[in-house]
Amino acid sequence: LLGTFGILVFFFRTAVSTRFRWILLVSILIAVYAGGAAIVVGNTWPEEALPVAFVALAVAVLWDGRMALVLALALAALTSVQPGLMGASALVPTAIGGATAALSVRAVRRRSQAWIFIALIAAAYSASLLALGLVGGFGGSEHVIDQFVAIGANTILSTLLAMGFLPVFEVFTGITTDQTLLEWADPNRPLLKRLSMEAPGTYAHTINVANLGEAAATAIGANGLLTRVGLYYHDVGKMLKPHYFVENQPDGRNPHDRLKPETSAQIVKEHVVEGHRMAREANVPEVVTDFIIEHHGTQRIGFFYEKAKEEYGEENVNVADFTYPGPRPRSRETAIAMLADSVESATRALRDPTPERIRGLIDSIVDSKIAQQQLDDAPLTLQELSRIKEHFAKVLSGVYHHRIDYPQTRHLTRSDTEADDAGAAGEGG
């Protein structure tokens, strides 16, 4: 039975089978279950006390519910043929409780919601008890009470232990779970709070890009939550010198006008290097900090590079001074982040953003990244790129559509040129 589970992992969860620590942790969890089962048999406790929920929850949160489901069913079948636990009285509650624990992870997104796990698993155990009682009898009130006590103790201890040990498991395996990502998405996290206060324009851009990136990632089956959280942090380095970035210049004054091109390029590059440093100091997970260093890849800082060529001549310009440090995106999520960041920024600067012009702009930007080989290290297919562009266009067309020009507020929304034209027409009349 365990060999069947191992074959499943080898063929369908290759990443798990190729990492020693991951396989070791799964083995340890199985051993913990076996030890718990021995204690249950030795003390003649009800079968509902078997700690299958602990194993299923840990595996489901760290990897996925399907893998946890198969493991829980294998353990249930294995348990039902052991001395002292033979038969349906062990198989049914163990299988149902383990399966519920494995699949309930989809309904619970935060560790603070652990009591939802407990309620769902306890309800499943109770349903299995009812089914067995209807078939073979309930066995006396004292036995039923013992069973419900075992259900309560098992579900509470298994859930709290699984959630409590999860940070240890994450450190051991190097996995960042969805629950951890959701905690880092909290806008009250120190880095995000500072970004919203010290660089509000960048923060607004970050939210827009995160929405765009998550939609595209979800559309191709990538990790939408990771993409969203990574994009929340991708520009945190801009808070050090916020006024050197256009989204934080409401008065139109650009301090780069007084700087040399190479100095401006250094400041722009700095937001990647310093942002990565700040995130690491704040113990942001590595899968999130990857977005900071990869969202610009090894692209040139085009505006200042061209400005330097005009001032000094191309032969006198060191290209490295105007190139981001990289590396290039190495995952689908960070590649989507690069594309979403560029597309959102360019669309905001687009005049008359009709759906056709937005689609043309998206095609141009994606083709440019491909031509610059920025996507060479990312496992994206052409079909996935097509879907990404389609979802970018859908989201941005919805955001930048034409609004109704209400007569009551027309004097507030018209441009200066329109106002002057209206005034001139009134004088002429």
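Please name all residue pairs, on different chains or six or more residues apart, with Cβ atoms under 7 Å, provided the first residue is in the stretch 90-114 and is at pLDDT 90 or above and the second residue is charged (D, E, K, R). Partner pairs satisfying both residue conditions: Ala90/Glu47; Pro93/Glu47; Pro93/Glu48; Thr94/Glu47.
Condition first: over 21 Å from Ala122 (Cβ atoms) and either among the polar types (S, T, N, Q) or open to solvent by 50 Å² or more (accessible area, probe 1.4 Å) (or both). Now tell me which residues in the stretch 81-99 satisfy that. Lay out the reasoning, then the answer.
The initial filter retains those residues of the stretch 81-99 that are over 21 Å from Ala122 (Cβ atoms), namely 81-84, 86-87.
Of everything in the stretch 81-99, those that are over 21 Å from Ala122 (Cβ atoms) and either among the polar types (S, T, N, Q) or open to solvent by 50 Å² or more (accessible area, probe 1.4 Å) (or both) turn out to be Val81, Gln82, Pro83, Gly84, Met86.
What residue, among those in the stretch 6-49 that are among the hydroxyl-bearing types (Ser, Thr, Tyr) and within 25 Å of Leu129 (Cα to Cα), is farthest from the chain's Cα centre (by Cα)? Out of the qualifying residues, it is Thr44.
Scanning the stretch 212-254 for residues that are within 12 Å of the chain's Cα centre (by Cα), polar (S, T, N, Q) and open to solvent by 10 Å² or more (accessible area, probe 1.4 Å) turns up Thr218, Asn223. Does Ala102 count as buried (at least 18 other Cβ atoms within 10 Å of the Cβ), among the aliphatic types (A, V, I, L, M) and under 24 Å from Gly137 (Cα atoms)? When the stated conditions are applied, Ala102 does not pass them.
Could you check, for the stretch 311-331, whether at least one of its residues is under 18 Å from Phe291 (Cβ atoms), among the acidic types (Asp, Glu) and either open to solvent by less than 30 Å² (accessible area, probe 1.4 Å) or in contact with a helix residue (DSSP H, G or I) (Cβ under 6 Å, 6 or more places away or on another chain) (or both)? Within the stretch 311-331 (the criterion being under 18 Å from Phe291 (Cβ atoms), among the acidic types (Asp, Glu) and either open to solvent by less than 30 Å² (accessible area, probe 1.4 Å) or in contact with a helix residue (DSSP H, G or I) (Cβ under 6 Å, 6 or more places away or on another chain) (or both)), the answer is no, since none of the residues qualifies.
Figure legend. Inter-residue proximity from the stretch 382-404: first residues under 14 Å from Asp341 (Cα atoms) and modelled with pLDDT of 85 or more, second residues assigned to a helix (DSSP H, G or I) and of a type in the set (Lys, Arg), beta-carbon distance below 7 Å, spacing 6+ or different chains. Indicated pairs: Ala393/Arg359. Restricting the stretch 354-374 to residues that are assigned to a helix (DSSP H, G or I) and polar (S, T, N, Q), the residue that is most open to solvent (accessible area, probe 1.4 Å) is Ser364. If the condition is being without any contact (Cβ under 8 Å) to a residue 12 or more places away in the chain and among the β-branched types (Val, Ile, Thr), then the stretch 47-89 contributes only Val81. Put simply, of Gly224, Gly201, Gly230 the only residue that is more than 27 Å from Leu29 (Cα to Cα) and either out of contact with any helix residue (DSSP H, G or I) (no Cβ under 9 Å at 6 or more places or on another chain) or without any contact (Cβ under 8 Å) to a residue 12 or more places away in the chain (or both) is Gly224.
Scanning the stretch 285-299 for residues that are open to solvent by less than 10 Å² (accessible area, probe 1.4 Å) and within 16 Å of the chain's Cα centre (by Cα) gives Val288, Thr289, Phe291, Ile292, Glu294, His295. Taking the conditions exactly as written (of a type in the set (Phe, Trp, Tyr), within 31 Å of the chain's Cα centre (by Cα) and either assigned to a loop (DSSP other than H, G, I, E, B) or under 17 Å from Ile156 (Cα atoms) (or both)), does Phe117 satisfy them or not? Answer is yes for this residue. Within the stretch 334-342, the presence of a residue that is open to solvent by 50 Å² or more (accessible area, probe 1.4 Å) and of a type outside the set (Gly, Ala, Ser) is excluded. Checking each residue in the stretch 168-194 for being over 22 Å from Thr206 (Cα atoms) and either open to solvent by 40 Å² or more (accessible area, probe 1.4 Å) or among the aliphatic types (A, V, I, L, M) (or both) picks out Val168, Val171, Phe172, Gly174, Ile175.
Of note, Ala53 satisfies the criterion of being open to solvent by less than 20 Å² (accessible area, probe 1.4 Å) and at negative phi.
The values are calculated or read from the model by the stated rules, or taken from the named source; none is laboratory data. Values in this document were obtained by computation on a predicted structure and should not be read as measured data. Positions of Cβ are backbone-derived with ideal geometry, glycine not excepted, and every protein chain shown enters the neighbour counts. Note: areas computed on protein heavy atoms with side chains; ligands, DNA, RNA excluded. Shrake-Rupley method; radii C 1.70, N 1.55, O 1.52, S 1.80 Å.
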